[in-house]
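The values are calculated or read from the model by the stated rules, or taken from the named source; none is laboratory data. None of the values given here were measured: they were computed from a predicted structure. Note: ideal-geometry Cβ built from the backbone for every residue, glycine included; neighbour counts use all protein chains shown. What goes into the accessible areas is simple: the full protein's heavy atoms, side chains included, and nothing from ligands, DNA or RNA. Shrake-Rupley method; radii C 1.70, N 1.55, O 1.52, S 1.80 Å.
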Amino acid sequence: MCPYCGVGCGLLVRVDGGRVTKVKGDPDHPANFGDVCAKAVHLPPALLAPDRLLHPEIRSRRDVERKRVPWELALRFTAERWREIFAAHGPDAVAFYASGQLLTEEYYVAGKLAKGFIGTNNFDTNSRLCMASAAVGYTRSLGADGPPAAYEDIDSADCFLLIGTNTADCHPIVWKRIRRRKLSAPDRVSVIVVDPRWTETADIADLHLPLRPGSDIALLNGMLHVLWKDGLIDRAFVGAHTSGWEKLRHVVERYTPERVSALTGLSRDIIVTAALRFASASCALTLWSMGINQSHVGTDKNAAIINLHLATGQIGRPGAGPFSLTGQPNAMGGRETGGLAHLLPGYRAITDVHARDLVERHWGAARGSIRPRRGRSALEIFDGLARGDVRAVWIIGTNPAASVPDTDLVEKALRQADLVVVQDAYHPTETTRFADVLLPAAQWPEKDGVMTSSERRLTYLSQLVDPPGEALPDAVILTRFAHEMGFKQAFPYTSAAEIFDEFAALTAGTPCDYSGVTHARLRTEGPLQWPVPSSAHSGTPRLYVDGRFPTSDGRARFIAVEHDPPVEPPDRAYPLVLTTGRVRDHWHTLTRTGKVPALRRRTPEPILEVNVRDARRLGLLDGGFVEITSRRGKVIAQCRVTETIREGVCFLPFHWGRSFGFYKSANNLTLGARDELSGQPELKVCAVRLRAVESER
Ligand SMILES: Nc1nc2c(c(=O)[nH]1)N[C@H]1C(S)=C(S)[C@@H](COP(=O)(O)OP(=O)(O)OC[C@H]3O[C@@H](n4cnc5c(=O)[nH]c(N)nc54)[C@H](O)[C@@H]3O)O[C@H]1N2
Ligand SMILES: Nc1nc2c(c(=O)[nH]1)N[C@H]1C(S)=C(S)[C@@H](COP(=O)(O)OP(=O)(O)OC[C@H]3O[C@@H](n4cnc5c(=O)[nH]c(N)nc54)[C@H](O)[C@@H]3O)O[C@H]1N2
Ligand code: SF4
Ligand SMILES: [Mo]
């Protein structure tokens with residue numbers, strides 16, 4: 001399976017002389033049937049980059065150089081420091097910050113070690129920046145996390161609502177499937193794209209709604225208003241399978257097309273047309289990602305989408321459903337293993353005493369070892385480090401000094417910490433520069449394990465080559481550290497398969513039950529979609545087909561959500577809205593795609609997209625340099641003057657961290673405001689001003 005995005009394509013990998021030399025699509029994998037995108041094709045040079053981290057390094061003081069040490073010493077040093085800090089300052093003073101790019105087994109071992117044995121619930125991941133609002137949103141509305149639909153639903157849907165997703169660039173193989181569906185029946189299949197920018201995703205759209213950033217709830221409530229007025233609500237479904245409609249109706253009543261037009265900046269007509277297109281579909285699929293989740297009302301935005309589907313009965317049937325597109329390849333597996341500070345394995349809540357009890361018994365941990373309160377979420381870890389409440393952090397497979405909002409604060413946090421452990425495949429990165437302990441991790445495909453894609457599909461990834469130098473699989477590093485900490489008995493693993501079996505057994509009876517899966521089964525039968533509750537069960541393409549939801553009364557819940565403007569709206573000093581995101585050819589903080597000549601050539605620099613009218617007003621020229629300033633910092637970039645972005649909004653990709661040039665990093669500008677329910681930061685809206693910069697040439 002591909003180590004990049006959550007589409008989870010199957011790959012065929014050629015290995016020559018112990019090196020990966022060629023990658024292509026696996027014709028037998030049900031996510032992509034042989035198709036593949038450029039990032040995957042260009043994996044080989046990324047894996048061979050000369051900056052792989054090959055040996056452990058430590059430094060005992062901040063003012064000395066790190067030096068290379070054997071594994072034993074690095075882990076002993078870390079364990080001693082970790083114990084000291086824990087003893088002096090308590091369980092809230094240490095934290096783990098991991099990644100949606102780890103394997104399921106790695107996540108599981110890390111979570112078990114932190115929550116069950118070290119005794120801290122401060123174990124969170126970059127999924128907090130990514131899918132947290134969807135995870136909390138599904139749980140709140142449907143009773144459990146987990147996208148209910150499957151890719152095969154694309155082939156029968158006749159309306160696609162693509163909202164806050166640049167599917168063409170970020171989930172390209174899903175997008176191609178949508179395009180095939182659209183082209184197979186252009187008049188019957190409609191595509192609605194909701195994004196302040198016209199991206200390639202909108203090329204196949206019947207309707208493009210360039211709404212004001214952050215106004216999605218107004219739009220979705222407005223669409224529901226139109227359906228309610230026109231009598232297009234599925235009363236039978238609402239009556240039999242949902243609760244809370246009356247309360248929501250009272251809210252939706254106030255979202256008239258006129259009011260919604262004022263809130264979103266869209267025309268009344270296009271709002272009504274979009275609503276009627278959605279309602280006239282026999283099967284509607286809504287796909288979304290960061291334009292929805294990365295908001296201080298991200299969970300409410302998720303609820304607004306699910307409301308629309310419940311009100312029209314568009315769920316639990318082929319071709320229908322709310323379907324969040326997962327960002328990272330195994331952010332799903334992370335959620336399943338309890339890789340967030342409020343969770344335990346199997347989507348269990350850490351605040352649930354019965355869940356804690358059961359998990360403790362499964363882990364062989366003493367009764368009461370798991371602390372009853374949720375730990376710090378990602379941004380709370382960095383806030384805590386900056387304030388001195390958190391003293392030690394262990395970062396695994398993520399690069400927060402480039403990817404967490406407000407880089408100044410993150411750097412301060414890492415400088416301030418008593419101990420920073422970074423476990424990465426590469427060095428230097430923006431984050432490894434701050435490490436007191438550097439641990440070399442094996443990466444794809446130097447280790448084996450399982451990942452879950454957006455459509456709940458588990459794929460086994462086999463080890464194809466040896467790790468370079470002394471790099472070790474993350475699960476091995478964590479297991480050895482557990483032994484060093486004195487927890488040998490509870491971490492007896494000698495293979496990823498054993499870890500998987502222990503975890504899979506713990507999912508029995510939960511919504512994400514895959515107790516019927518083993519490595520051996522995935523290897524012989526191929527990828528499976530959970531739930532797979534027994535070894536005879538062949539997997540589940542679609543959830544909720546019987547109209548029963550995992551809530552206390554079996555009904556899905558309408559949530560009455562209201563429009564709430566962004567935390568930092570534009571004003572006179574900072575008159576434009578900056579939104580940040582991705583480009584097709586790069587992956588996140590460039591530790592891999594940044595080293596591929598073909599991809600670098602295509603997209604060498606961050607480029608700010610600015611609307612023509614804003615550019616004219618500000619004297620910005622296409623291709624000229626522009627200084628972008630927010631309340632937190634500055635970026636200098638070339639600009640692309642375009643009609644494809646809404647007036648008053650500009651867009652900057654976040655791939656370039658400070659190591660590419662201090663003023664190239666989008667997260668110099670972004671703010672740490674976040675959703676109260678999900679803890680997800682509002683990475684899609686902050687206020688900026690622009691100024692043309694004279695070129696030196
Ligand atoms: N090429 C590539 N693909 C990737 C990744 C990558 O780094 N590179 N990363 C993966 C990961 S982890 C993730 S999370 C996904 C992200 O995938 P996407 O969410 O598709 O990507 P983004 O570019 O972050 O944001 C999507 C769109 O949201 C729009 N947007 C901004 N504000 C709003 C708003 O208020 N409302 C609406 N409706 N739209 C808004 C932006 O204009 C942007 O086009 O991509 C995955 N795939
Ligand atoms: N402004 C802005 N900021 C954003 C976003 C945005 O839209 N706008 N999007 C956010 C989102 S959705 C996401 S998901 C994050 C992503 O942000 P990050 O997670 O910080 O990005 P990556 O570059 O993928 O970092 C992964 C790290 O893991 C390392 N690595 C790769 N494989 C392995 C392995 O097997 N083991 C170990 N130990 N390390 C490995 C890589 O070298 C790299 O350093 O960024 C977030 N930040
Ligand atoms: S679409 Fe995603 S999973 Fe598929 S090949 Fe491209 S990056 Fe990999
Ligand atoms: Mo993400």
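Table for the structure above
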{"quantity": "Karplus (6.51, -1.76, 1.60) ³J(HN,Hα), θ = phi - 60°, over the range 612-629, in Hz, Gly and Pro reported as x", "calculated": "3, 5, 4, 4, 4, 4, 9, x, 8, 10, 4, x, x, 8, 9, 9, 10, 10"}
{"quantity": "Residue order for Asp63, Asp383 - accessible surface, 1.4 angstrom probe, largest first", "calculated": "Asp63, Asp383"}
{"quantity": "Fraction of beta bridges assigned by DSSP in the range 1-151 that are antiparallel (%, nearest 5)", "calculated": "75 percent"}
{"quantity": "Cut-off 11 Å (backbone N to label point 7 Å along Cα→Cβ of Arg83), residues of the range 472-493", "calculated": "484-487"}
{"quantity": "Those aspartates and glutamates that a straight Cα-Cα span of less than 12 Å connects to Lys39, excepting residues fewer than 8 apart in one chain", "calculated": "Asp169, Asp585"}
{"quantity": "Long-range amide H partners of Thr125 with built H, under 5 Å", "calculated": "Ala98, Ala341, Ala378"}
{"quantity": "5 angstrom amide H check on Ala349, placed H, neighbours 5+ away", "calculated": "Leu344"}
{"quantity": "Packing-based order for 408-416, 278-286, using average beta carbon neighbours within 10 Å, highest first", "calculated": "278-286, 408-416"}
{"quantity": "Charge dipole of the range 132-324 about the Cα centre (unit charges at C-beta), most positive-ward option of Ala150, His171, Val252", "calculated": "Val252"}
{"quantity": "C-alpha center-to-center spacing [the range 73-110, the range 1-66] in angstrom", "calculated": "25 Å"}
{"quantity": "Between the range 614-690 and the range 274-331, the Cα center-to-center distance that results, in Å", "calculated": "27 Å"}
{"quantity": "Two-site label geometry, Arg268 and Asp155: point separation in nm, points 7 Å out along Cα→Cβ", "calculated": "4.4 nm"}
{"quantity": "Residues whose placed amide H lies under 5 Å from that of Leu461, excluding near-sequence neighbours", "calculated": "Gly449, Val450, Met451"}
{"quantity": "Cβ-derived FRET efficiency at R0 30 Å, Asp352 paired with Asp546, nearest 0.05", "calculated": "0.75"}
{"quantity": "Tyr493 accessible area, 1.4 Å probe, all protein chains in place, Å² to nearest 10", "calculated": "30 Å²"}
{"quantity": "Area of Trp656 that stays accessible when all protein chains are in place (1.4 Å probe, Å², to 10)", "calculated": "10 Å²"}
{"quantity": "Alpha-carbon Rg/Rh ratio, for the chain, with Rh computed the Kirkwood way", "calculated": "0.95"}
{"quantity": "Pairwise label distance in nanometres, Lys22 with Ser280, each label 7 Å out on the Cα-Cβ vector", "calculated": "4.9 nm"}
{"quantity": "Peptides 570-583, 587-600, 427-440 ordered by average Cβ neighbours within 10 Å, highest first", "calculated": "427-440, 587-600, 570-583"}
{"quantity": "The range 189-205 - phi-based ³J(HN,Hα) in whole Hz, Karplus 6.51/-1.76/1.60, Gly and Pro as x", "calculated": "9, 10, 10, 10, 10, 10, 6, x, 10, 8, 9, 4, 3, 6, 4, 9, 7"}
{"quantity": "Cα-Cα over 24 Å, subset of Lys22/Lys595; Lys24/Lys595; Lys24/Lys176", "calculated": "none"}
{"quantity": "Length gained when the stretch His483-Asp571 is fully extended (0.36 nm per residue, less Cα-Cα span)", "calculated": "26.2 nm"}
{"quantity": "Calculated from backbone phi, Karplus (6.51, -1.76, 1.60) coupling profile of the range 228-233 in Hz, x at Gly/Pro", "calculated": "5, 4, 8, x, 9, 7"}
{"quantity": "Those trypsin sites (Lys or Arg not before Pro) in the range 124-231 that DSSP places in a loop and that have at most 13 other beta carbons within 10 Å", "calculated": "Arg188"}
{"quantity": "DSSP-assigned coil residues among GluC sites (Glu not before Pro) in the range 227-259, each with at most 14 further Cβ atoms within 10 Å", "calculated": "Glu253"}
